[in-house]
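Read-outs: derived from the displayed coordinates by stated rules, not from any lab. All figures in this text were calculated on a predicted structure; none of them were measured in a lab. With ideal geometry, Cβ positions are generated from the backbone for all residues, glycine too; neighbour counts draw on all protein chains shown.
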Amino acid sequence: MSTKNLDQLYRSVIMDHYKNPRNKGSIEDGALTIDMNNPTCGDRIHLTLQVEDGVIQNAKFDGEGCSISMASASMMTQAVKGKKVEEALQLSTVFSEMMLGKEHDDSIDLEDIEALNGVSKFPARIKCATLAWKAMEKGVSEE
Amino acid sequence: MLSTDIRSHFPILHQEINGHPLVYLDSGATSQKPTQVIEAIKNYYELENSNVHRGVHTLGNRATDSYEGAREKVRKFINATSTKEVIFTRGTTTSLNTVARSYGLANVKEGDEIVITYMEHHSNIIPWQQLAKETGATLKYIDLEADGTLSLENVRATITDKTKIVSVVYVSNVLGTMNPIKEITQIAHEHGAIMVVDGAQASPHIKLDVQALDCDFLAFSGHKMCGPTGIGVLYGKQALLEKMEPIEFGGEMIDFVGLYESTWKELPWKFEGGTPIIAGAIGLGAAIDFLEEIGLDEIEKHEHELAAYAMDKMSAIEGLTIYGPTDPSKRAGIITFNLNDVHPHDLATVLDMNGIAVRAGHHCAQPLMKWLQVSATARASFYLYNTKEDIDSLIAGLRTAKEYFNDVY
């Protein structure tokens, strides 16, 4: 049995976010609330965003899912916190291009998110990684 | 055990996936297809393709004979009294929806009850949820025992004189539980309710006999029993089907069409609106021939042995939980499990990298996942082409996954 290709997927940064999720929980009062799930596998995210003057002041998530989906949610909240809505959406576009294995804008520093690059080689897992980003996009578009 | 020669009939099995020989343990989702079935479909398109029930020409007659010949094979396979009781559909989902939309809407009223169980697939939940909502009927669930079986006491306690429809899965797609359909049918009938059976996971593995079960309707799919996708069966007792209205209207199902009124063909065709799934039905007929040559009893025995072997080996892995009956003789070749805190998707990815295909997720049975108090599970399901070596590969894969995630989790 081999594990040689697995390390591209399960990078230590990802497993760190899975074990020690950032921004886990829920923002009370007045926050945008988005519940989204992946009906094919049961992954579920509850995302709360606090947007003021076009800036995402705070972001928290709760949910259930595999290491990729939960780590991605943790990274997403970390990345968008303090960003303007349009910057967050721009980041989301870069992320989705990265998932599709397309050329993406490398002028933007992806920080931890870069570690999810390997997911693009595991087509069955792309939806796990994009769930949290889709929830964020839905939330800010409703705003 | 069946001979491993059976594998030679399945071309798809002889390939490598991610650099390893394919070990296909997802037959619960869909089975692989033997050459005999693939050839039957090819043969139909190359030599017989034509529309049925209308051609004056020879090809049309050939196609009609093959299509109706497949219906007779299905009749024999489930021991129905007549081919009038065998309706070709798109699959189990369509079959169950047909019962809910046709029989259900005509016979269920406000205050009536529809009874199902916690172990149903979504296809045997949602049609009844919708029917209950539209009619004002109550949808009731029969509770499960701790080991994921049904007790007849609970069945008796749930079905009442208000119950109009009881719909139960024959073999659970998650727990592998084989339910006492004959006994449940009897209880349903004592209360004047009809009995619907979801046979999707039963038809591939066990001998079906609708007369012995005495069920009123039975639904199953071709693709889980070596046949093609897109074809399924609804069996119904003739007396009930005669009184039911079609749910799809158009060509093929009519007798006489006037400007404002039309009449329907006789059974079973009044339920088969539009050009039917001709190649699919012929493929299903070939699948039945294939399964009967081997023998359903032999197939069932083979799967029990594989399940017992797998359960024994899997139980030896520390941290591995198997859901459902612990007695392998009470279950079909379906084993649903979790390994420590490793999420089933992560587990399935590790197995896939080693050529092993298993299912991960909620298996289209969210109420059952809730009952099990898990958000997802992994599932290995076996069929006639699986071997003990396949299970050895699964065990090795599970051990690899356990070690790998021990380090990174």
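Which order do B:LYS370, B:LYS313 fall in if you start with the one that has the fewest other Cβ atoms within 10 Å?
B:LYS370, B:LYS313
Which value at 222 nm does chain B reach when only helices count, each DSSP H run of 4 or more adding -39,500 (n - 2.57), with the total divided by all residues and rounded to the nearest 500 deg cm²/dmol?
So the calculated ellipticity at 222 nm is -11000 deg cm²/dmol.
Using a Gaussian network model of chain B with C-alpha springs under 10 Å, which one of B:GLN129, B:GLN15, B:GLN36 is most mobile by mean-square fluctuation?
Looking only at B:GLN129, B:GLN15, B:GLN36, the biggest GNM fluctuation is shown by B:GLN15.
Charges only on Cβ, +1 for Lys and Arg, -1 for Asp and Glu: so what's the dipole of chain B about the Cα centre, in debye to the nearest 20?
With Lys and Arg at +1 and Asp and Glu at -1, about 540 debye.
Helix A:67-80 sits at what angle to the longest principal axis of chain A, using alpha carbons and giving 0 to 90 degrees rounded to 10?
Rounded to the nearest ten degrees, it is 40.
For a quick check: with amide H placed at 1.01 Å from N, whose amide H comes under 5 Å from B:MET253's, ignoring anything fewer than 5 positions away on the same chain?
Close amide H contacts, sequence-distant or interchain: B:GLY274.
Could you list the square roots of 5 times each eigenvalue of the Cα gyration tensor of the stretch A:81-130, that is, the equivalent ellipsoid semi-axes, sorted largest first and rounded to whole Å?
Ellipsoid half-lengths, sorted descending, are 19, 11, 10 Å.
Could you quote the convex hull projected area for chain B, Cα atoms only and averaged over all directions, in nm²?
21.0 nm²
For peptide B:392-399, what's the mean number of Cβ atoms from other chains within 10 Å of each residue's Cβ?
Counting other chains' Cβ atoms within 10 Å and averaging over B:392-399 gives 1.
May I have the pair-distance distribution P(r) for the protein assembly as shown, computed from all Cα-Cα distances with 20 Å bins from 0 and rounded to whole percent?
Binned Cα distances yield the sequence 20, 46, 31, 3.
I'd like the GluC sites (Glu not before Pro) in the stretch A:27-83 restricted to DSSP loop residues with at most 14 other Cβ atoms within 10 Å, sorted by number. Mind dumping the intermediate values first?
Numbers: sites: A:GLU28, A:GLU52, A:GLU64; in loops: A:GLU28.
Answer by residue number: A:GLU28.
In chain B, which helices (entire DSSP H runs) extend 24 Å or more along their own long axis, judged by Cα positions, while averaging at least -0.5 on the Kyte-Doolittle scale?
Those that clear 24 Å and a mean of -0.5 are B:278-294, B:388-408.
Calculate the dipole size of the stretch A:11-142 relative to its Cα centre from +1 charges on Lys and Arg beta carbons and -1 charges on Asp and Glu beta carbons; express the result in debye to the nearest 20.
540 debye
Looking at A:THR33, A:ALA73, B:ASN51, which one has the Cα that reaches farthest to the positive end of the dipole of the protein assembly as shown (charges on Cβ: Lys, Arg +1; Asp, Glu -1)?
Of A:THR33, A:ALA73, B:ASN51, it is B:ASN51.
With +1 on the Cβ of every Lys and Arg and -1 on the Cβ of every Asp and Glu, and nothing else charged, how large is the dipole of the protein assembly as shown about its Cα centre, in debye rounded to the nearest 20?
In debye, rounded to 20, the protein assembly as shown gives about 580.
Output the relative contact order of the stretch A:37-93, whole-number percent, from Cα pairs under 8 angstrom with separation of 6+ residues.
30 percent
Relative contact order of chain A: what whole-number percent is it, with Cα pairs under 8 angstrom and at least 6 residues apart?
RCO, chain A: 28 percent.
Take the alpha-carbon centre of the stretch A:23-59, take the same for the stretch B:322-392, and report the distance between them in whole Å.
31 Å
Order B:94-102, B:47-55, B:22-30 from most to least packed using the mean count of other Cβ atoms within 10 Å.
Top to bottom by mean Cβ count within 10 Å: B:94-102, B:22-30, B:47-55.
Reachable aspartates and glutamates from A:LYS4, Cα under 13 Å, same-chain residues fewer than 8 places away excluded?
B:ASP352
With the dipole of the stretch B:1-103 worked out from charges on the C-beta (+1 for Lys and Arg, -1 for Asp and Glu) around the Cα centre, which of B:ILE41, B:THR98, B:THR64 lies farthest toward the positive end?
Selected residue: B:THR98.
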